[in-house]
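See structure below.
No lab work stands behind these numbers, since they all come straight from the coordinates. Only a predicted model underlies this, so the values are computations on that prediction, with no experimental measurement involved. Note that we place each Cβ from the backbone using ideal geometry, even for glycine, and neighbour counts take in every protein chain shown.
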Amino acid sequence: MPIRNPKNKTISFRLSHQEYARVEQVRQQRELESMSVLARCAVLAYSNHPPDTAEAKFESMKRRLEAVIQQVADLASRFEKN
């Protein structure tokens, strides 16, 4: 069976051990077949929604707020136990 859309360009970049471990974890969670697929998806998603957009800034603030809310909830539950 012929390949309909062959990939014939290569991009290379370096990661620290910690970065690689995180990327591998994401790849496994998303059940992607390879790092190439993950990298391609990330680059294409980035090109469609670069992080300097208002939407990206909002999502970043939302994630940080959710983290703070979770931390407050954790602290409150610890306080209630004491």
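Please list, by residue number, every one of the chymotrypsin sites (Phe, Trp or Tyr not before Pro) in segment 1-62 that is coil in DSSP and has at most 12 other beta-carbon atoms within 10 Å. Those satisfying the criteria are Phe13.
May I ask for log10 I(q)/I(0) of the chain at q = 0.18, 0.25 Å⁻¹, from a Debye sum over the Cα atoms as equal point scatterers with solvent left out? The Cα Debye sum returns log10 ratios of -1.03, -1.21. Of all the options Ser16, Ser47, Ser60, the one that moves most in a Gaussian network model of the chain with Cα springs shorter than 10 angstrom is Ser16. GNM remark for the chain: springs join alpha carbons under 10 Å apart, and the peak mean-square fluctuation among Arg40, Arg27, Arg64 falls on Arg64.
Figure legend: label point modelled 7 angstrom from the Cα of Lys81 along Cα→Cβ; residues of segment 59-73 with amide N under 15 Å from it are 71-73. Cross-link partners of Lys7 among aspartates and glutamates, defined as those whose alpha carbon lies under 18 angstrom from its own and excluding same-chain residues fewer than eight positions apart: Glu33. Compared with the dominant Cα axis of the chain, that is its longest principal axis, helix 54-81 is turned about 40°.
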